[in-house]
Amino acid sequence: MNLSNLKPATGSVKRSTRIGRGPGSGKGGTSTRGHKGAKSRSGYSRKIGFEGGQMPLQRRLPKFGFKNINRVEYKAINLDLISALAEARQLQKVGIQELREAGYIRANQLVKILANGNVTAPLTVEANAFSAAAKAAIEAAGGTAQTI
């Protein structure tokens, strides 16, 4: 076997149908597009959601709601997670950097500390926001809650 006698497997290569090449081919005249109408013309493309002239679904349904452009998204971190992180790594200060290194938040996420769980050791906690109960729990344990 060499390059001169290689050929594809039988049935794997099919010649494309030549459309619009005269009446003898059986595919001349209208070139398989039928008679008249938009779909027979060149350059036709159906609009997205077009339902044959019927009122499209996206126009039949009512509009509702809105997106608040001033919304601030926080990643919620609970006190039990912070105290576990501090105990595991022997930390006195838990901030955004420590949470990022531990894999709890992504690079540019804002953090809000919530009061689920409790803090036993006095810790300095830095975050973008605190719930009132979380701030009180941190300060009751002898720590400080610093808003960045």
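Nothing in this text is a laboratory measurement; each read-out follows from the coordinates by a stated rule. Quick caveat: nothing in here was measured; it's all calculated off a predicted structure. Positions of Cβ are generated from backbone atoms using ideal geometry, with glycine treated the same way; all protein chains shown enter the neighbour counts.
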Legend entry - Sequence-distant lysines (8 or more away, or on other chains) whose Cα lies within less than 29 Å of Lys135: Lys75, Lys93, Lys112
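Below 8 Å between Cα atoms, with a sequence gap of 6+, how large is the relative contact order for the chain in percent?
15 percent
What ratio of Cα Rg to 2.2 N^0.38 Å holds for the range 74-147? Please report the intermediate quantities before stating the final value.
On the way: Rg = 10.7 Å, N = 74, 2.2 N^0.38 = 11.3 Å.
It is 0.95.
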Legend entry - Set of lysines near Lys36 by C-alpha distance (under 21 Å), chain-local residues within fewer than 8 positions excluded: Lys27, Lys47
Inset, instruction - Could you state the angle between the C-alpha long axis of helix 79-89 and the longest principal axis of the C-alpha atoms of the chain, as a value from 0 to 90 degrees rounded to the nearest 10? - result: 80 degrees
Legend entry - Theoretical gain in end-to-end length, Ala121 to Asn78 [0.36 nm per residue, Cα-Cα removed]: 14.0 nm
Inset, instruction - Find which of Met55, Val111, Leu6 sits farthest along the positive direction of the dipole of the chain, computed with +1 on the beta-carbon of Lys and Arg, -1 on that of Asp and Glu, about the Cα centre. - result: Leu6
Inset, instruction - Return the sequence-ordered ³J(HN,Hα) values of the range 101-107 in whole Hz as given by the Karplus equation 6.51 cos²θ - 1.76 cosθ + 1.60 applied to θ = phi - 60°, using x for Gly and Pro. - result: 5, 6, x, 7, 9, 8, 3
Legend entry - Under the Karplus curve 6.51 cos²θ - 1.76 cosθ + 1.60, θ = phi - 60°, whole-Hz ³J(HN,Hα) for the range 42-49, x wherever Gly or Pro sits: 6, x, 6, 8, 6, 5, 5, x
Inset, instruction - Quick one: go through the range 105-148 and flag any residue whose amide nitrogen is under 14 Å from the point 7 Å out along the Cα-to-Cβ line of Ile96. - result: 105-113, 126-130, 146-148
Inset, instruction - Would you grab the residues whose amide H sits under 5 Å from the one on Phe130? Only those 5+ places off in sequence or on another chain, please, with H modelled 1.01 Å from N. - result: Ile113
Legend entry - Efficiency of FRET from Cβ geometry, Arg71 and Leu3, R₀ 41 Å, rounded to 0.05: 0.05
Inset, instruction - List the equivalent ellipsoid semi-axes of the range 1-63 in whole Å, largest first, each obtained as the square root of 5λ for an eigenvalue λ of the Cα gyration tensor. - result: 43, 22, 8
Inset, instruction - Quote the charge dipole size of the chain about the Cα centre in Debye, to the nearest 20; the model charges only the Cβ of Lys and Arg (+1) and of Asp and Glu (-1). - result: 2320 debye
Legend entry - Scattering profile of the chain at q = 0.10, 0.12, 0.14, 0.19 Å⁻¹ [log10 I(q)/I(0), Debye over alpha-carbon scatterers]: -0.62, -0.68, -0.81, -1.08
Inset, instruction - Express as a percent, rounded to the nearest 5, the fraction of DSSP beta bridges in the chain (both residues included) that run antiparallel. - result: 5 percent
